[in-house]
Amino acid sequence: MTRQLDDYRMRMGSHELVPIMIGGMGVDISSSDLALEAARLGGVGHISDAMVKTVTDRRYKTKFVKAKQKQYQYNVASEDKSDVKFDLEHLAEATRMHVEKTMERKTGSGLIFINCMEKLTMNAPKETLKVRMNSALDAGIDGITLAAGLHLGSMALIADHPRFREAKIGIIVSSLRALQLFLKKNSRLERNPDYVVVEGPLAGGHLGFGMDWAEYDLATIVTEIVTWMKAEGLAIPVIAAGGIFTGSDAVRFMELGASGVQVATRFTVTKECGLPDDIKQEYFKAEEDDLEVNEISPTGYPMRMIKASPGIGDGIRPNCEAYGYLLDANGKCAYVTSYNRELALHPDEKRFAVKDKTCLCTHMRNFDIWTCGQSAWRLKDTSLRKDDGTYQLLTAEHVFKDYQFSTDDSVALPEPEVETV
């Protein structure tokens, strides 16, 4: 009998879950609505804490961004951004609001985690990370996934929180060595991660690999980690991520010893996803040649996206005074450096290109960088093309259940929508 993903369950403490986790795509692409559907259906959903003040301003009509911009307006023309700090009380309030308003709507037997992007250094990496994680725990989040640039000391920042041993805490790694380093560093806390997401080279957004990413293989890395865990007597669920497009793909990782899979790209074209609908159509239209891995991220990590993303090469003025999420502990950002170099070369031009780096804060906020997994070009095969050439948006439930119940590498198409006149 052909196996389907529903034949398996993922155990996480006292929870028995459908082994499907939806990844935490920022900024608000993995929306509350998307995470809530995953939990309702018995799996795990993520919200993202990327640019959380922007998210609450947009969703709940707060004014956090405007307040920060007004406070530092005097500094806009300065290359030195070291003065531009986040108000930690505002950051805590925004995080609590985002989490509380999500959790109060939660139904079903699944869980909702927050994806905590550690690449968001925010001109005070340790202080801001501690506030974000503790505030999420205060607000009742089921778990925290430490993602995007794993810091070995992250768990220690929340070790004194009353929910430290109750909430689920997971990490994302792309190699056995990264996992071993994290476990060794945190052994004194006497608390292992509750799950480990193993993200391969075909994932979307920032990658845990260099530009030699194509030389690596997710199945090989998962097998290595599962084998090592078994030898060490560690019963930590391993969740495979990156390039898992069908339920049959997922089953193959379960057969390798994974406890679940993390998927995201197929949910970018769902109604619940936070992307604007016109951009979801860009994802449907993309061909394989339209995808690229580039080095335009100021973080220094390669990043996968659709080549047509309007933010690529766009020389917009840095908006650190309003945002500034990628400013390091010294108030530096690679995009600010690149922008000022081009400004000096083109002093009389109102707009110019900055091709080597991009202002991720502004462009992600405006949905102008279209990150995706390597399988995004297959999205058109998951839906129906309408008479006007656009594609029918899917529901998160449809995609979730297709992963859960499909067999033989098939993809279930949606029921045609009845168009109203």
How much of Phe113 can a 1.4 Å solvent probe reach, expressed as accessible area in Å² and rounded to 10?
-> 0 Å²
Over segment 180-300, average the accessible area per residue using a 1.4 Å probe and give it in Å², no decimals.
-> 41 Å²
The FRET efficiency for Asn319 and Asp290, from their Cβ-Cβ distance with R0 = 25 Å and rounded to 0.05, is 0.35
Per DSSP, the loop-located GluC sites (Glu not before Pro) within segment 107-166 having at most 14 other beta carbons within 10 Å are Glu166
When every alpha-carbon pair in the chain is counted, what percent end up more than 31 Å apart?
-> 37 percent
Solvent-accessible area of Glu224 with every protein chain in place, 1.4 Å probe, in Å² to the nearest 10 = 100 Å²
May I ask you to give the percent of accessible area on the chain that is carbon plus sulfur, with a probe radius of 1.4 Å?
-> 48 percent
Protein chains only, probe 1.4 Å: how do Leu179, Leu157 rank by accessible area, largest first?
-> Leu157, Leu179
Rg/Rh for segment 1-43, where both radii come from Cα atoms and Rh is the Kirkwood radius | 1.07
With every protein chain left in place, what is the accessible area per residue of segment 354-421 in square angstrom, probe 1.4 Å?
-> 50 Å²
Lys/Arg Cβ at +1, Asp/Glu Cβ at -1, dipole of the chain taken about the Cα centre: which of Ser187, Ser410, Leu326 is farthest positive-ward?
-> Ser187
Average accessible area per residue (Å²) across segment 1-135 - probe 1.4 Å, nucleic acids and ligands excluded | 40 Å²
Which one of Ser248, Ser109, Ser48 has the biggest mean-square fluctuation once the chain is modelled by GNM with Cα springs under 10 Å?
-> Ser109
Cα centre as origin, Lys/Arg/Asp/Glu Cβ charges: segment 196-259 dipole, Debye | 200 debye
Of the listed peptides 135-143, 84-92, what is their order by residue-averaged count of other C-beta atoms within 10 Å, with the highest listed first?
-> 135-143, 84-92
Ranking Gly373, Gln392, Pro347 by how far each Cα lies towards the positive end of the charge dipole of segment 347-421 (+1 on Lys and Arg Cβ, -1 on Asp and Glu Cβ), the top one is Pro347
Simple Cβ-charge dipole of the chain, Lys/Arg +1 and Asp/Glu -1, about Cα centre, in debye nearest 20 | 1360 debye
Ellipsoid semi-axes in whole angstrom, largest first, where each is sqrt(5λ) of the Cα gyration tensor of segment 139-198 | 19, 13, 9
Order of exposure, largest accessible area first, which applies to Lys355, Lys81 with probe 1.4 Å = Lys355, Lys81
Which Rg and Dmax, in Å, describe the Cα atoms of segment 1-73?
-> 17.6, 65
Helix-only [θ] at 222 nm, the chain, -39500 (n - 2.57) per DSSP H run of 4+, per residue, nearest 500, equals -9000 deg cm²/dmol
In debye, nearest 20, what is the charge dipole magnitude of segment 292-420 about its Cα centre with +1 on Lys and Arg Cβ and -1 on Asp and Glu Cβ, if you could check?
-> 580 debye
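The values are calculated or read from the model by the stated rules, or taken from the named source; none is laboratory data. The structure displayed is predicted, hence computed values, not measured ones. No Cβ is skipped: glycine too gets one built from the backbone with ideal geometry, and neighbour counts run over all protein chains shown. Remember, those area values only see protein heavy atoms, side chains included, never the ligands or the DNA or RNA. Shrake-Rupley method; radii C 1.70, N 1.55, O 1.52, S 1.80 Å.
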